[in-house]
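In what follows, a single structure is set out as structure tokens and then discussed.
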Amino acid sequence: MNLSSTADAGSSGTPVPPSAGDGRSSGLVAALSLGTAPPGGYSVIQFQPLPAIRPGAAERAIEVDQTNRSVIVDEQVVVKWFTPPPPLPQPAPEFFAHLAAVGFTEIARPYAALTTRDGDPGTLVALVTAYLPDAADGWDWCVTEAVAGRTACAADLGRLAADLHLALATPSPAIPEPVRHGDPGDGWVRRATHALSEALELTRGEDGEWLAAIAGRLRELVEPLGRAGDTPRIRVHGDLHVGQTLRWRDGYAIIDFDGNPTVRGEDPYQPAARDVAQLRTSLEHVAEVAIRRRGADPGEAVAWAASARDTLLSAYRTRLAEGGKPWLLEESLLAPFEIEQECRELIYATRHLPRWRYAPMGVLRARFPS
């Protein structure tokens, strides 16, 4: 794989990922906008035409991107460079092709994906999307709504999730058979109990002791997943929380179709309830953030989360019914998936962001008071 020229390599010879100001992102975008081959020998998957971008256009970094490098070019386009590039297949290119085909617009407009075929099956180097002016993610704007006690935003999130699922259940050339059926057997309950076991193993100290004390109750709560039956499945987002929902100048947008960072090798077709469960639990995490970072009253924040969760679910149900597909949501799966998600939050905290542990632990302690 060649992310850069030899001159851009570090002392070890390893290519240096592009960064804001080095001109590589603007050079790439300019080439794509002109329809010429991009520098670096990449393969290009084009989703929609790019706006005209001149070579040498201004670049600036998106500082909040902690795991990859995202560069804004000419205040119009974002190039998200993956560091390191993950192996193909990856979900985002297929999602982008499908959503563009069915006319779903509540995302940052997808322009292109860059891949390399140095390996088999190759790697995803970068995604190129529209820049959304005045955008803030949910860990900012939704926390502000929680502190103010406003829940109307939860209805917006419910409608947004339903619109996404309706789009993902619509056939396209990219996904011609979007709805799958078939009894998963004990696959979902095994996945949930494995997440619980991993969370128990990774969570240390007082939190770990408390979690071990309620592990039996948690296992009982995920058991219904083994009796799910023939629940319809679609290509879900897979990591749908408030941080993946931007509120920008013209509305809302869902971002980061890269899948759940704590899940590997699972069937990409899952119940819509998995996304809904994660989005609802993230509202409880918003309350924990409001308490920790904004000094919100704990009782008021927890009450806000409970109301917001109900508001979101009601709006989601209504939107699915309006779209003619109320059967997409199997509500009996919500509670078990929510328990699994809190376990995955603990796994994520240990592996990637230890300071985050307070949020899922706060939610679990509120749900299971001693």
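The values are calculated or read from the model by the stated rules, or taken from the named source; none is laboratory data. This one's a predicted model, so the numbers in the text were calculated from it and none came from an experiment. Neighbour counts run over all protein chains shown; Cβ positions are idealised from the backbone, glycine included.
Computed quantities for the displayed model
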quantity: Any pair with Cβ under 6 angstrom, 6 or more apart, that starts in region 52-79 at a residue that is closer than 16 Å to Leu127 by Cα and ends at one that is modelled with pLDDT of 90 or more and acidic (Asp, Glu); calculated: Val71/Glu59; Val73/Glu59
quantity: Close pairs from region 206-235: first assigned by TED's automatic domain parsing to the domain that holds Arg191 and under 28 Å from Ala169 (Cα atoms), partner among the acidic types (Asp, Glu) and in a helix (DSSP H, G or I), Cβ under 7 Å, at least 6 apart; calculated: Val222/Glu340
quantity: Any chance Leu88 is farther than 30 Å from Glu331 by Cα, among the aliphatic types (A, V, I, L, M) and in contact with a Gly (Cβ under 7 Å, 6 or more places away or on another chain); calculated: yes
quantity: Elements of type helices (runs of 4 or more DSSP H) contained in region 88-174, each with 2 or more residues being among the β-branched types (Val, Ile, Thr) and at negative phi; calculated: 138-148
quantity: Flag if Pro298 is under 22 Å from Asp239 (Cα atoms) and assigned by TED's automatic domain parsing to the domain that holds Ala199; calculated: no
quantity: Residue check for Leu200: in contact (Cβ under 8 Å) with a residue 24 or more places away in the chain and in a helix (DSSP H, G or I); calculated: no
quantity: Selection within region 27-65 - of a type outside the set (A, V, I, L, M, F, W, C), within 21 Å of Ala135 (Cα to Cα) and surrounded by 16 or more Cβ atoms within 10 Å (Cβ to Cβ); calculated: Glu59
quantity: Residue count for region 66-81, restricted to those that are surrounded by 15 or more Cβ atoms within 10 Å (Cβ to Cβ), under 15 Å from the mean Cα position of the chain (by Cα) and not in a strand (DSSP E or B); calculated: 1
quantity: Criterion: under 19 Å from the mean Cα position of the chain (by Cα), in contact (Cβ under 8 Å) with a residue 12 or more places away in the chain, surrounded by 21 or more Cβ atoms within 10 Å (Cβ to Cβ) and not in a loop (DSSP other than H, G, I, E, B) - qualifying residue of Pro360, Pro336; calculated: Pro360
